[in-house]
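Derivation of every value follows stated rules applied to the coordinates shown; laboratory data play no part. Since the model is a prediction, treat every value here as computed from it, not as a measurement. For neighbour counting, all protein chains shown are included, and Cβ atoms are generated from backbone atoms with ideal geometry for every residue, glycine included.
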Amino acid sequence: MTAAGLETLEWIAAQQTAAEGHFRPIGSETFGKKTHTYLPFDQQPLEAQAAVEAARAAYVATGDERWFEHARRAWTWFFGANDRGVILGDLATGRSRDGITPRGANENCGAESILAFQLAHYSMLALARAQQRDSSGESGGRRRTRSE
């Protein structure tokens with residue numbers, strides 16, 4: 001099951017990476033439509049948060065640094081590493097805008113977006129601690145390699 005999950009995550013991570021290398025969630029304009037083209041908007045914080053959480057789980061399962069990098073790219077999406085270069089998240093207040101439209105940031109700050117931002121924040125902190133433990137040799141556990 002882990003191998004199937006990692007394979008699926010590899011696929012979605014590839015779909016969510018822009019040609020320029022930044023995180024690009026599949027826009028909600030595309031969902032539910034019979035098309036093989038992904039429309040880039042509206043991008044929502046929930047997608048970035050889900051990518052952070054999935055990459056964190058993959059890192060914990062494998063110790064593969066590329067999952068840390070994928071989580072980092074999804075996290076920095078909140079801070080302007082996105083298609084419009086707009087800042088959505090504010091660490092000082094814990095708030096996040098509702099997403100990115102073709103014209104820029106959606107100025108609303110709904111509960112779902114705020115929670116997604118805060119959950120992604122705490123997941124990144126936990127991921128950084130896990131990476132630090134792994135790099136210092138404190139984990140003591142055996143990590144599965146990509147081929148296992």
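Using amide H atoms built 1.01 Å from N in the peptide plane, name the residues 5+ places from Thr17, or on other chains, whose amide H lies under 5 Å from its own.
Hits under the 5 Å cutoff: Arg24.
Explain nothing, just the number: dipole magnitude of region 71-129 about its Cα centre with +1 on each Lys and Arg Cβ and -1 on each Asp and Glu Cβ, in debye rounded to the nearest 20. It would help to have the intermediate numbers written out before the result.
Numbers: 7 positive and 5 negative charges, 46 e Å.
Here the size comes out at about 220 debye.
May I have the extent of the alpha carbons of the chain along their three principal axes, as whole Å values ordered from largest to smallest?
Over the chain, Cα extents along the principal axes are 48, 40, 26 Å.
Relative to the longest principal axis of the chain, what angle (0 to 90°, nearest 10) does the C-alpha long axis of helix 111-136 take?
30
Taking the highest mean first, how do the peptides 68-76, 55-63 order by number of other beta carbon atoms within 10 angstrom per residue?
Values: 68-76: 21.7, 55-63: 19.7.
Output ranking for 68-76, 55-63: 68-76, 55-63.
Using the Karplus curve 6.51 cos²θ - 1.76 cosθ + 1.60 with θ = phi - 60°, what ³J(HN,Hα) values do you get for each residue of region 74-85, in whole Hz, with x for Gly and Pro?
Values per residue, Gly and Pro as x: 5, 5, 6, 4, 5, 10, x, 7, 8, 4, 10, x Hz.
Work out, step by step, the length gained on full extension between Ser28 and Glu10: first 0.36 nm times the residue separation, then minus their alpha carbon distance; give nm to one decimal.
Values: separation 18, 0.36 × 18 = 6.48 nm, distance 2.05 nm.
Full extension of this stretch gives 4.4 nm more.
Distance in nm between label sites at Arg103 and Ala126, each 7 Å beyond Cα in the beta-carbon direction?
3.8
What is the dipole size for the chain, taken about its Cα centre, with +1 at each Lys and Arg Cβ and -1 at each Asp and Glu Cβ, in debye to the nearest 20?
Details: 17 positive and 18 negative charges, 34 e Å.
So the dipole magnitude of the chain works out to roughly 160 debye.
Under 14 Å from the Cβ of Ala51, count the other residues' Cβ atoms, weight Lys and Arg +1, Asp and Glu -1, and hand me the total.
Details: positive: Arg24, Arg56, Arg66, Arg72, Arg73; negative: Glu10, Glu47, Glu53, Glu69.
Neighbour charge sum, excluding Ala51 itself: +1.
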